[in-house]
Each structure stands twice: as C-alpha cells, then as structure tokens.
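Input: a single structure, listed below in structure tokens.
The values are calculated or read from the model by the stated rules, or taken from the named source; none is laboratory data. Being a predicted model, the structure only gives us computed values, none of them experimental. For neighbour counting, all protein chains shown are included, and Cβ atoms are generated from backbone atoms with ideal geometry for every residue, glycine included. SASA here: full protein model, heavy atoms, side chains in, ligands and nucleic acids out. Shrake-Rupley method; radii C 1.70, N 1.55, O 1.52, S 1.80 Å.
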Amino acid sequence: MYRRTPLLIASLFLLTVSNAYSENIDIAGGFKITGEVIKKTSEKTYVDVGFTLLAIPNNAVLKISESEEVESNKPSDEHFYQNTRDGLEKSVNHWVNEIGTAVVAIRTPTGLGSGFIVHKSGYLITNHHVIAGEHEISVTIYKKDIKGAFIKKQYDDVAIACSSPEWDLAMLKINTDEPIIFKTVALASSEYLNQGQQVFAIGSPLGLERSVSEGIISLKNRLIDGRLFIQTTAQISPGNSGGPLFNLKGEVVGVNNMKVIAMGAEGLGFSIPSNMLKMFISNRESFSFDPRNPNSGFRYNAPPK
C-alpha cells in the first residue's frame, strides 16, 4: 500500500495555484494535482506546481492527462517558450537582476559563445556557429545564493537537440539528474520593434561573463545575404554570439549573431529577429540533430522528376 509522505500531504492542501501550461496528475488515495511534469526518473515524477517542486513516487501516479482549464493559455509552440511577458518597461539594471541568470556561457574545445534558456527543463538557444561540428559542449549558469551573490554552475552533459546552419540557430539541452527548474526568458514579437527603441544585450564577449551592453535599434529589418537581421548599436563582440537582445520589458527580441569589423566601423551589430527564432522552435523537428551529420539537421532526397 502506498503511504503518503508528510511533504506530499502538506502540499496537496496548497494546490490552488496552477501553471500556465499544466497536466492533471491523478495519484493514489483519490487526490489530483495540477502542474507541469518537469522530469521523470525510474522512481519518481517531478511536478512543478508553481511555488514548489513535488517528487511523487511513480507507483503512486495513476494517470497523467492534459489540463483542460489552461488549454487557451498554452503557447502555440507546445511549452517551449513563454510568449511575451506582462508588465511595463523597466530599467536595464532591473532586468539584469531579474532575468540575467537565464543567460548562459557556452564553451567548446574550439571557442565560446552565449545562450539563453527558453524552457525550465534546460532547453536553451544559441547560434549554430557556436557549436558547429562540436560534440563536447559545456554550459555555465550563474545562480544567486540567498545573499544575492552569483555562483557558477557548470554542466558538461549538454546535447544538441536541433540545429540549422542556414538560419544559424541551435537548441541545446542540459542533461542533469537533479530535479532543477531553470530560469527562463520570454520571447517578444520582433515585428513590433521601432527604430530608435532602446535595447540591451547580455553575454560573455571575449569570455568576460555576464557583460551587459546597451544601445538602440538602428533598423529592425536589415537585409544581408538574403536574410533579415535587427541592426543595433548595442556592442556585440566574439563571445556574445547566441546571446539575447532584450527590450525594456525584459523580453528577447533577437539572437545576437555578428558585427561589422572594419576600419572606422562602430556600433554595427546584428541580431536574428525573435520571430525567426519562434519559427525555428515551432518547427524544431525539421532541424533535428543527426549525430552522423553533425553540421546540419536531417537531409531529404530530392523528389522524383
């Protein structure tokens, strides 16, 4: 017979808060909880109920089903990112403290770059060129302790989920045995950007971790080699690649990608628009990583003539 632990019993009386995208979990004893299943192991199912993480023994889980109450609130990408965030514009300092821990440093044997977490289970976005041809990838996350000081946490078990050299985008997955809820960012719609709008970037230029640079949108739709970019005066240097470009609502509007390096050229940075990133995420199965062909996703034969 299943015996309810004190932690689980105490938590069941508090389950009036539900996530924006959730499942209904029926458990032994006639109880039902609503939350997001973060991780499953051979022994336990970990459920995020908004204010805490419950570890439920698998032999107590009777059924997991989609919650109908939150169907209309689900993002169209099946849980992979938060679609904008409610609120007013705030200072760069506020957002660096609020969401800076969702920005990560990425290292490979041949280089470094930046990235940002879009799903609390450990999925993150970066540039394809940051990880192209690599199999040894490490991700460093900067967490705050109870005193507000930053602590480095490095993860070496990082897999490539999907990647596109043409779009220069990649999604990585941090694998860990710990039931961790990672800090995430929200993605804005880049079509609502305005010329002259204030933006800022967070990343690791030249390995200088947690660096912040500020600027404006010079042009929201600069065409370069057949692709659209956001042109910005925010400083983007080697190591910033794959990191986020934020608006003052704390939303990602672009993925930092490149800069112009030429005599007399300053303040010419370029980011991949967030709408293009959303399309990449929503069609991620088309860019699924094939370890036999590490520089691209699946390749399809040409149709018969």
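Here are the numbers for this structure:
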quantity: Hits in the stretch 90-143 - residues which are among the polar types (S, T, N, Q), more than 15 Å from the chain's Cα centre (by Cα), more than 23 Å from Lys39 (Cβ to Cβ) and outside any helix (DSSP H, G or I); calculated: Ser91, Thr108, Thr110
quantity: Lone unmet requirement of (1) more than 18 Å from Thr84 (Cβ to Cβ); (2) more than 17 Å from the chain's Cα centre (by Cα); (3) buried (at least 22 other Cβ atoms within 10 Å of the Cβ) for Ser218; calculated: (3)
quantity: Entirely in the stretch 242-305, the strands (runs of 3 or more DSSP E) that have 1 or more residues that are at pLDDT below 95 and buried (at least 23 other Cβ atoms within 10 Å of the Cβ); calculated: 251-259, 269-273
quantity: Residue list for the stretch 152-199, restricted to those being in a strand (DSSP E or B), among the β-branched types (Val, Ile, Thr) and farther than 20 Å from Phe289 by Cα; calculated: Val199
quantity: Residue satisfying all of: in the stretch 11-63; part of a loop (DSSP other than H, G, I, E, B) and over 23 Å from Phe182 (Cα atoms); modelled with the lowest pLDDT among these; calculated: Phe13
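For (1) open to solvent by 40 Å² or more (accessible area, probe 1.4 Å); (2) in contact with a Phe, Trp or Tyr (Cβ under 7 Å, 6 or more places away or on another chain); (3) under 27 Å from Ser91 (Cβ atoms); (4) touching a residue at least 60 places away in the same chain (Cβ under 8 Å), each residue gets a yes or a no:
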site	(1), (2), (3), (4)
Asp157	yes, no, no, no
Met171	no, yes, no, yes
Val185	no, yes, yes, yes
Ala188	no, no, yes, yes
Leu193	no, no, yes, yes
Val212	yes, yes, yes, yes
Asp225	yes, no, no, no
Thr232	no, no, yes, no
